[in-house]
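Just below is one structure, and these are the notes that go with it.
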Amino acid sequence: MASVNSEHDFIIIGGGIAGVSCVEQLAYSCPERKVKLFTASPVVKAVTNYKKMSRALEEFDVEEKSSQWLEQTHPNVEVIHAEVTDLCPDQHLVKTKDGRSFPYTKVCLCTGGRPKKIAKDNPYILGIRDTESVQTFQEHLEGAKRIVVVGNGGIATELVYEVEGCEVIWAIKDASISSTFVDAGTAEFFLPHVAADKEQSDTGPSKRLKYTLTKSTESDDKQRERSSLGSALGPDWSAGLDMKGQGSQSHMVHIEYQCEVDRILSPEDFHKLSVEETVPNFGDKASECAPSWRIYIKLTNGKIYGCDFIVSATGVLPNTTILGSIGGLKLSEDGGVAVDDHMRTSIGDVYAAGDVCTATWEPAPNWTQMRLWSQARQMGAYAAKCMVADVCGETIPQDFCFELFAHVTHFFGFKVVLLGKFNGQGLGTDYEVMLRMTKGVEYVKVVMHNGLMKGAILIGDTDLEETFENLILNETDLSPFGVDLLDPNIDIEDYFD
């Protein structure tokens with residue numbers, strides 16, 4: 001192996017949340033060392049207004065900013081707009097599409113994930129992952145009367161709630177909505193709000209994600225290429241956007257459960273079948289059926305819906321496309337780059353963080369990996385600390401954020417906090433669930449195992465997140481409380497704080 005100059009740069013590949021968090025931590029920890037960030041996008045994702053809600057829970061905004069902002073904020077950072085095509089570990093070189101080579105001391109792969117689209121190269125099937133795709137979605141929505149959303153994760157859930165003035169057919173493969181995050185019982189709490197008219201807030205839209213969209217002069221092929229390399233959307237990506245279709249109605253949502261896509265049909269294909277399209281049930285709201293739609297979708301339950309376009313929101317795959325030529329790089333079963341408990345890959349001096357990687361260490365009892373923006377930030381910052389420690393010949397303990405899974409988001413206008421094994425993950429059937437619900441106000445679910453709280457879902461302004469987090473981490477024996485644990489007349493927060 002070639003010798004490595006210890007003064008060579010740190011190199012980060014990818015300008016998303018994980019990559020930028022890694023860069024900022026490196027810039028802070030090693031102000032004397034040059035840090036290079038490689039990104040195919042003209043903007044980078046910056047974490048702003050960071051707030052620690054508790055030991056494990058955190059909230060932050062995501063702003064898309066120019067690369068110049070990152071360079072001005074951190075004088076030792078250089079952003080290089082180039083597509084990385086090869087990594088040569090033996091020579092410690094990163095190579096770009098334009099023929100340049102860059103030496104490194106340590107490199108971190110933060111290439112994120114790529115959307116799992118249900119069909120490629122169809123102008124009426126849209127994936128939503130980055131800013132460019134959001135712009136395309138808005139342009140299509142302006143003239144739409146009906147759309148079909150396929151998927152049951154976070155983006156699909158937010159999209160269904162935010163779209164107005166347009167019929168929405170929501171096709172999900174599960175027996176309940178939002179199953180990536182909540183179980184069927186919890187989903188029942190959300191159901192009345194799926195198609196309900198949204199209340200207008202006096203405080204204006206949330207500013208969790210801020211960006212400026214400009215018309216691109218690139219060709220369609222170039223836009224698609226860059227979009228596939230773009231970084232993921234951050235929290236509450238839909239807040240403040242104009243998500244209105246052609247109609248005057250508010251929410252019109254019809255859900256098709258336990259089905260997947262069978263076929264995508266053009267208008268010509270549909271008419272050849274000589275069948276009638278399915279009429280959606282919007283309750284007391286009438287459907288505005290068009291005589292002909294731009295695209296049709298046949299579901300595995302046999303139903304056929306016409307629409308103006310289809311949104312493919314079926315999740316992401318680790319974006320390892322540019323890493324295929326790296327010999328010896330170990331991938332996990334889900335296709336992610338395998339990393340150990342210090343974010344190291346199977347190749348020396350090569351690290352990975354965010355959606356592209358898969359944790360292969362023995363996890364803490366109440367932590368699990370989910371490809372979320374919160375974990376991308378944590379992994380990116382922690383990878384930077386590990387890289388610096390390795391250069392200095394030091395060993396650091398694993399970051400506390402990997403002790404407890406903790407995530408906060410918003411669904412259907414409600415704050416949602418997920419803690420630990422919130423759906424009993426990994427516990428089999430050997431656990432019990434306690435519930436407390438006030439319809440339309442709050443929903444509290446805790447997962448108990450042998451008298452210990454192992455996880456929780458908190459919906460609404462419960463103010464219980466820090467207390468429950470401590471109960472999980474401290475492994476407090478809650479057996480004496482029994483079913484009274486969630487009694488609203490007992491101030492459990494004061495009792496344990």
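The values are calculated or read from the model by the stated rules, or taken from the named source; none is laboratory data. Being a predicted model, the structure only gives us computed values, none of them experimental. Backbone-built Cβ (ideal geometry, glycine too); neighbour counts: all protein chains shown. Accessible surface is based on the protein model in full, side chains and every heavy atom, while ligands, DNA and RNA are left aside. Shrake-Rupley method; radii C 1.70, N 1.55, O 1.52, S 1.80 Å.
Annotations
- Among residues of region 402-431 that are free of Cβ contacts under 8 Å to residues at least 24 places away in the same chain, those with a Cβ under 6 angstrom from a residue that is open to solvent by less than 10 Å² (accessible area, probe 1.4 Å), sequence gap 6+ or separate chain, pair up as Y431/G424; Y431/V447.
- Residues satisfying the stated conditions in region 319-362, i.e. open to solvent by 20 Å² or more (accessible area, probe 1.4 Å), on the phi > 0 side of the Ramachandran plot and touching a helix residue (DSSP H, G or I) at 6+ places or on another chain (Cβ under 9 Å): D349
- Sole exception among (1) open to solvent by 10 Å² or more (accessible area, probe 1.4 Å); (2) closer than 22 Å to P192 by Cβ; (3) in contact with a strand residue (DSSP E or B) (Cβ under 7 Å, 6 or more places away or on another chain) for K439, by number: (3)
- The residues of region 471-493 that are under 19 Å from Y443 (Cβ atoms), surrounded by 16 or more Cβ atoms within 10 Å (Cβ to Cβ) and under 31 Å from the mean Cα position of the chain (by Cα), listed by number, are L471, I472, L486.
- Only one entry in L26, L57, L70 is at pLDDT 95 or above and of a type in the set (A, V, I, L, M), namely L26.
- Residue list for region 450-470, filter: closer than 20 Å to L427 by Cα and surrounded by fewer than 16 Cβ atoms within 10 Å (Cβ to Cβ): N450, G451
- Output for region 103-128, where each listed residue is open to solvent by 30 Å² or more (accessible area, probe 1.4 Å) and within 22 Å of K34 (Cβ to Cβ): P103
- Count of region 129-185 residues which are modelled with pLDDT of 85 or more, more than 30 Å from F422 (Cα to Cα) and of a type in the set (D, E, K, R): 6
- Subset of region 289-343 (residues that are over 17 Å from R371 (Cβ atoms) and assigned to a strand (DSSP E or B)): I295, Y296, I297, K298, L299, I304, Y305, G306, C307, F309, I310, V311
- Single condition G336 does not satisfy, out of (1) in contact (Cβ under 8 Å) with a residue 24 or more places away in the chain; (2) within 22 Å of the chain's Cα centre (by Cα): (1)
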